[in-house]
1. Among the residues of segment 11-26, write down those that are more than 19 Å from the chain's Cα centre (by Cα) and closer than 22 Å to Ala41 by Cβ.
2. Go over the candidates Phe88, Phe76 one by one and state the one that is in the same structural domain as Met170 (by TED's automatic domain parsing) and under 15 Å from Thr159 (Cβ atoms).
3. State yes or no: is Phe76 among the hydrophobic types (A, V, I, L, M, F, W, C), without any contact (Cβ under 8 Å) to a residue 24 or more places away in the chain and within 30 Å of Thr162 (Cα to Cα)?
4. Which of the residues that make up segment 16-57 are in contact (Cβ under 8 Å) with a residue 12 or more places away in the chain, under 20 Å from Val146 (Cα atoms) and surrounded by 13 or more Cβ atoms within 10 Å (Cβ to Cβ)?
5. Would it be correct to say that Thr19 is under 25 Å from Gly114 (Cα atoms) and in a helix (DSSP H, G or I)?
6. Within segment 62-94, how many residues are buried (at least 18 other Cβ atoms within 10 Å of the Cβ) and aromatic (Phe, Trp, Tyr)?
Amino acid sequence: MFLVVLMVLTGFEVHGNYTLFGYENSVRIHSASAWTFMGLALLSIFWMFVTKQYKNFIPSRENVKEQMKYYMSGFFKGEVHPIRKTLFNKLNPLQKIVYFGLLIFIFPVQILTGVAYMFYHYPQNPIDARGFEIAVYTHTFGAFVVVAFIIVHVYMTTTGQTIATNLRAMISGYEPEEEHGEKSENQENIIVNESNASEK
């Protein structure tokens, strides 16, 4: 998250939106952060496949309505979360869709267009100017999508049992199992369905 925020800050400064680190420093920081991010991305991909944690990011339409209903009203009423977390089911249906989109579409596009930025040298540029313009707009659009994700992500960290519960889990890697108490028949079915899906 730190690298992503750093790239957002320096990226918009390179565009001339404000002055924070200085243009040259922002370019250097942005480039260094991008290469570091790509290296960590490769390690993360390797780790996810070795540990089979990639299963957590495979989206499904199952229980999407229940999750949306929980976010829109159930959460504010103190209702039990409709999805029980397991080793291979750590994300709820909406989170899976969002993370899948980031990992499969947004981040790869940002990397490809970012590399185009890095290796575009005018006038001896290896990339057609018109094609580069498309890369610029695409990279900028992706940056706004990432900013929107960060805002929602930060808000979601406050929706645990306490404001700091999810933040502690992000830092330590551990979180207490949610107390589901007595569940309705519908919630029991959701948990069983999610468990069965994760085992496939």
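1. Selection gives Phe12, Val14, Ser26.
2. Details: Phe88 fails: under 15 Å from Thr159 (Cβ atoms).
Within the list Phe88, Phe76, the selection yields Phe76.
3. Details: among the hydrophobic types (A, V, I, L, M, F, W, C): yes; without any contact (Cβ under 8 Å) to a residue 24 or more places away in the chain: yes; within 30 Å of Thr162 (Cα to Cα): yes.
It is true that Phe76 is among the hydrophobic types (A, V, I, L, M, F, W, C), without any contact (Cβ under 8 Å) to a residue 24 or more places away in the chain and within 30 Å of Thr162 (Cα to Cα).
4. Hits for segment 16-57 are Ser26, Val27, Ile29, His30, Ser31, Ser33, Ala34, Thr36, Phe37, Met38, Ala41, Phe57.
5. No.
6. Total meeting the criteria: 2.
The values are calculated or read from the model by the stated rules, or taken from the named source; none is laboratory data. Computed from a prediction, not measured in an experiment: that's the story for all the values here. Cβ sites come from the backbone with ideal geometry, for glycine too, and all protein chains shown count toward neighbours.
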